[in-house]
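Undergrad: Could you have a look at this structure, given as structure tokens, before my questions?
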Amino acid sequence: MKTEKQLKELILDDKFTSIQNLVNEEVNLMNILRVSHKELQHSNFLAWLFNPKEAHGLKDYFIKEFIKLYFKENEYQDLGSASNSLSVFDFVKLDFSDIDIKREHKNIDILISSKKNKFILLIENKIFSNESSGQLTKYRQQIEKDYTDYIHKIYIYLSLFNQEISEEEQTFYIKLTYEHIVKLITVSLKSNNLSIAKNTRFVLEQYLQTLNTLMNENKEIEKLAKEVYGQ
């Protein structure tokens, strides 16, 4: 009976009602399609975002901002391992208009290459799964074999939350979380110097909302929930 009384109190609690209203307001296409937790769909979105030829119409803006954000957040240190790294000085000279993006090429989630820049960037994408045994080594060795003449080889392990990776690959792979993607999209949407088409802005806002939900970044819901449960 005590539990039943607590449940009734919760249902009639104004703060609990507010939480329900906030959640109900967050109508999101990825959630409707039930793909927000699937790595494949997130990889597809990132491939679309980074492709200069895609319908967002912003050319190589997103791939350049993705790299630029890394430099800014890591005291402008070189991107990548010592032998194949990319410095800020090298980066500003690059023209990514010829970028080619492959999905699931030899099981690699996202492979971004620029032939004229001798540049290749591998992204291993994880939402809720972890690194498989030997996976990162296999992918890196495949790139070393297939792109022997490329100057810049960048390996990124992108995960929803920070994960540990195999010790032997820590020298080669840069670990990033989806907080990096959230910042990239947020900065882009707020930029006064960027002309974003209405449809593109809608897509970016929807995806940003998806990530915020996955990463529990809705602070208003969190605050109300703590008040309801007395935490």
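The values are calculated or read from the model by the stated rules, or taken from the named source; none is laboratory data. Please read all numbers here as calculations on a predicted model, not as lab measurements. Glycine also receives a Cβ, built like all others from the backbone with ideal geometry; neighbour counts cover every protein chain displayed. Please note that ligands, DNA and RNA were not included when accessible areas were found on the heavy atoms of the full protein model with its side chains. Shrake-Rupley method; radii C 1.70, N 1.55, O 1.52, S 1.80 Å.
Undergrad: For Glu205, tell me the accessible area in Å² from a 1.4 Å probe, rounded to the nearest 10.
TA: Roll a 1.4 Å probe over it and Glu205 shows about 90 Å².
Undergrad: Still on this structure: Given H placed 1.01 Å from N in the peptide plane, which residues other than close sequence neighbours of Tyr155 have an amide H under 5 Å from its amide H?
TA: Ser81, Leu122, Ile174
Undergrad: Highest first, please rank the peptides 45-55, 144-154 by the mean number of other Cβ atoms sitting within 10 Å of their residues.
TA: 45-55, 144-154
Undergrad: Another question about this same structure. Could you please report the charge total around Glu167, scoring K, R as +1 and D, E as -1 over all other residues with beta-carbon less than 15 angstrom from its beta-carbon? Spell out each step's value before the answer.
TA: Values: positive: Arg140, Lys175; negative: Glu131, Glu164, Glu168, Glu169.
In short, -2.
Undergrad: Can you work out ³J(HN,Hα) from phi for every residue in the stretch 140-150, in order, using Karplus 6.51 cos²θ - 1.76 cosθ + 1.60 and θ = phi - 60°, giving whole Hz and x for Gly and Pro?
TA: Computed from phi, the couplings for the stretch 140-150 are 4, 5, 5, 5, 4, 6, 7, 10, 4, 8, 7 Hz.
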